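Everything on this sheet refers to the single structure shown next.
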Amino acid sequence: MNAKRNDKIATGLLYTIAGIVILILVLLLGFIIIRGLPQLSWSFLTSPSKAFSSGGGIGIQLFNSLYLLILTMLISLPIALGASIYLNEYAKPGMITNAVRTMIEILSSLPSVVVGLFGFLLFVVQLNLSFSILSGALALTVFNLPLLTRSIEGSLKAISNDQRNGGLALGISKWETVTKIILPAAVPSIVSGVILSAGRVFGEAAALIYTAGQSAPALNFANWNPFNIDSPINPMRPAETLAVHIWKINSEGIMPDATAVSAGSAAVLIIVVLLFNLLARWLGRALYKCLTAA
Amino acid sequence: MDKIRESILTTSRASKLERRGKIISLTCLGGICLVVVAIFGFIAYRGLMTFTSDHVSIIKFLTGTEWNPSVSKNGAPLVGALPMIAGSFLITILATVLAIPFAIGTALMMTDITPKTGTRILQPVLELLVGIPSVVYGFIGLTVVVPAIRTVFGGSGFGILSGTFVLFVMVLPTITSMTVDSLSSVPKDYRSASLALGATRWQTIYKVVLRSATPGILTAIVFGMARAFGEALAVQMVVGNATLMPYSLVAPASTLTSVLTTGIGNTVMGTVQNDALWSLALILLLMSLAFNLAIHLIARRGAMKR
């Protein structure tokens, strides 16, 4: 009965492997939460960081991350929407469409550090935007576009062809069918996809080091004139994000409490990404219920 | 001109809108393609400077073992990229080899052993592992993996081995979820037929399921390798960043990405030191292209077998 014994051994082994994988995740999350949660306090989340003494917070970095995320989404969502509409509704199968799909695939598999370096060359040096939120947002757009395009294309593809035929049978044009019938039907899954990609953008650092910069100058939160250098919404100021902050203080920082600050920042990053994941699921379901007859 | 004639001869509002919409969406798509071309153009242009304006020979660049761009010997700067290339390949291969059994095992749990509970527990586990940002992996590597390796093997703890462990966790979810896709696309009849012949579950998995899913699993592995090869910050934080040939797994080494992240900011545009870094970026870009090509080739071979 060798085969039966082997079967038992193999099954046991597979259970062990799955157990180890689950254990790795539990240890990772447990480590971050146990080390990071005690650091979190209102003053840690709002006060500016200190480079040479302990007790600094992550207020500016947190704001920069969120602002950069919003700006990136504002730029990349319309482009990804347009591109995926063309790919799914207009493009005819053939050589050129295949080539375009391959290009998007290549773009999505490029290492993010290469995207960052490209952003550095084009936006920071050639277009003279210097290390700024705008350069960072444009680099993140390059990083985000292929993922978002593919996810929206998937959402559009999931809408049944009956809807398209119904629209065309009513005598309205293809464009109107897409914008008035297909897009509203696809909104729930598009929203889920957008929020999931937001989670990835929020944690990205390699593409930002040489585009949004590694410094977080003091901000005056009472000044909302976008042309002032200390205004929080000025897109031309350098902006270190939370993820870049963790990297920076661990690799070249001289902050005495670097480990504590990075544990706290890592906990914030993880919690935000988890929230994005939950939000994506919940909002997708809620919108689906709200927008359809179900 | 009467109204009917006019409405037939002029373009309607709807068809104007249609044309405009089509043009706008095509522009968006064209923009993305333009970005891809621009990335290759820009990086290739800067990366080739080392060979065109600084007169470094490509062979020497790829096989030289001494990286010290600010020093020149016999009129040519010392830019041997082999230590970084070797470091990148070593870390990528080790991490992937370590991840393969775990990925395939986890995937089998989700498709064949306990599909219901396995998927309910393991699917969120994989999604969470993908969601953790790479700097967090780097930070955990720095505070957990590096000290652990320091106590076990001595030395500083920084090196290829630390990088391998960090990357192992990072590529695991990528390889696993793609393996799940390829395992679940194996027709159910294959499994039933094998079981009906009297094979045990393990024999079915080993002799039928895994073999017919091989092209898909290979694609998953190459995808994982591509991710490992391009990962920058997590590796840079634990690898030690010494541009030496990796003679030991626990000695500080460096990868293409780690040298790029630390170097670009510390060199001046247009100098040899800077050009050499852009050449490393070009290698990174070409490797990413090569991984893509490999995935396409595997997919084509796999499709022909069917």
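Here, each number is a calculation from the coordinates, and none is a lab measurement. Quick caveat: nothing in here was measured; it's all calculated off a predicted structure. Note that we place each Cβ from the backbone using ideal geometry, even for glycine, and neighbour counts take in every protein chain shown.
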Least to most buried among B:Thr143, B:Thr27, by other C-beta atoms within 10 Å and fewest first, runs B:Thr27, B:Thr143
Less than 28 Å apart at the alpha-carbon level, and either on another chain or at least 8 residues along: which lysines does that give for B:Lys60?
B:Lys73
Mean per-residue count of partner chain Cβ within 10 Å for A:271-279 equals 2
The residues B:Ser7, B:Ser254, B:Ser177, sorted from fewest to most surrounding Cβ atoms within 10 Å, come out as B:Ser7, B:Ser177, B:Ser254
Mind jotting down the distance between the C-alpha centroids of region B:140-183 and region A:181-234, whole Å?
30
When the label point is put 7 Å from the Cα of A:Leu13 along its Cα-to-beta-carbon vector, which residues of region B:197-213 have a backbone N closer than 13 Å?
B:202-203, B:205-207
Need one word for region A:1-147: rounded, prolate or oblate. Basis is the Cα gyration tensor (sqrt eigenvalues a ≥ b ≥ c); a/c below 1.5 gives rounded, then a/b vs b/c decides.
oblate
Using the Karplus equation 6.51 cos²θ - 1.76 cosθ + 1.60 (θ = phi - 60°), what ³J(HN,Hα) coupling, rounded to whole Hz, does each residue of region B:195-206 give in order, writing x for Gly and Pro?
5, 5, 6, x, 6, 6, 4, 5, 4, 4, 4, 6
At a Cα cut-off below 16 Å, give the aspartates and glutamates reachable from A:Lys248, other chains included and same-chain residues fewer than 8 away excluded.
A:Glu204, A:Glu240, A:Asp257
Placing unit charges on C-beta atoms (Lys and Arg positive, Asp and Glu negative, everything else neutral), compute the dipole magnitude of the protein assembly as shown about its Cα centre in debye, rounded to 20.
1820
Over chain A, what number does the Rg to Rh ratio reach, with both radii from the alpha-carbon atoms and Rh per Kirkwood?
1.06
Give the average, rounded to an integer, of partner chain Cβ atoms located within 10 angstrom of each Cβ in B:265-277.
1
Helix-only mean residue ellipticity at 222 nm for the protein assembly as shown, each DSSP H run of n ≥ 4 adding -39500 (n - 2.57), per residue, nearest 500:
-22500 deg cm²/dmol
Suppose every Lys and Arg Cβ carries +1 and every Asp and Glu Cβ carries -1, with no other charges. What dipole size does region A:40-291 come out with about its Cα centre, to the nearest 20 debye?
600
Taking a threshold of 18 Å on the Cα-Cα distance, which of the pairs A:Lys8/B:Lys116; A:Lys174/B:Lys16; B:Lys116/B:Lys207 fall above it?
A:Lys8/B:Lys116; B:Lys116/B:Lys207
In Å and whole numbers, how far do the C-alpha atoms of region A:129-252 stretch along each principal axis, longest first?
61, 33, 23
Rounded, prolate or oblate: which one fits region A:226-282, using the alpha carbon gyration tensor with axes a ≥ b ≥ c (rounded when a/c is under 1.5, else prolate when a/b beats b/c, else oblate)?
oblate
Cβ-placed point charges (K, R +1; D, E -1), dipole of region B:207-306 about Cα centre in debye, nearest 20
860
Diffusion coefficient, µm² s⁻¹, Stokes-Einstein with Kirkwood Rh over alpha-carbon pairs of the protein assembly as shown at 4 °C and 1.567 mPa s:
50
Would you mind estimating how fast region B:17-73 diffuses translationally, via Stokes-Einstein at 37 °C and 0.692 mPa s with the Kirkwood radius over Cα pairs, in µm²/s?
222
Do any trypsin sites (Lys or Arg not before Pro) in region B:1-47 lie in a DSSP loop with no more than 15 other beta carbon atoms within 10 Å, and if so, which?
none
What's the local net charge at A:Trp247, with K and R +1, D and E -1, over the other residues with C-beta under 12 Å away?
-2
In region A:75-217, taking the dipole from +1 charges on Lys and Arg beta carbons and -1 charges on Asp and Glu beta carbons about the Cα centre, the listed residue (A:Ile152, A:Met95, A:Ile75) farthest towards the positive end is A:Met95
What residue among B:Tyr137, B:Val209, B:Ile59 has its Cα farthest toward the positive end of the dipole of the protein assembly as shown, where the charges are +1 on Lys, Arg and -1 on Asp, Glu, each on the Cβ?
B:Val209
Run the numbers for A:Leu66 and A:Trp42: contour at 0.36 nm per residue of separation, minus the present Cα-Cα distance, in nm.
6.9 nm
Taking a point 7 angstrom from the Cα of B:Leu244 along the C-beta vector, which residues in region B:144-165 have backbone N less than 13 Å away?
B:155-160
Taking the Cα atoms of chain B, what is the range of coordinates along each of the three principal axes, in descending order and whole Å?
84, 75, 37
What net charge is computed for the residues neighbouring B:Val209, neighbours being all others with C-beta under 9 Å from the C-beta of B:Val209, Lys and Arg scored +1, Asp and Glu -1?
+2
Taking the dipole about the Cα centre of the protein assembly as shown, with the C-beta of Lys and Arg at +1 and of Asp and Glu at -1, give me whichever of A:Leu107, A:Gly12, A:Ile271 is farthest to the positive side.
A:Gly12
Residue with peak Gaussian network fluctuation, chain A [Cα springs, cutoff 10 Å], from A:Leu45, A:Leu28, A:Leu81
A:Leu28
I want to verify a result. In a Gaussian network model of chain A, Cα cutoff 10 Å, which of these has the top mean-square fluctuation: A:Phe221, A:Phe118, A:Phe131?
A:Phe221
Alpha carbon centroid spacing (whole Å) that separates region B:82-107 from region A:1-80
22
For A:Phe120, A:Phe63, B:Phe89, B:Phe229, what's the fewest-to-most ordering of other Cβ within 10 Å of each Cβ?
B:Phe89, A:Phe63, A:Phe120, B:Phe229
Between region A:119-148 and region B:204-267, how far is it from one alpha carbon centroid to the other, in angstrom?
25
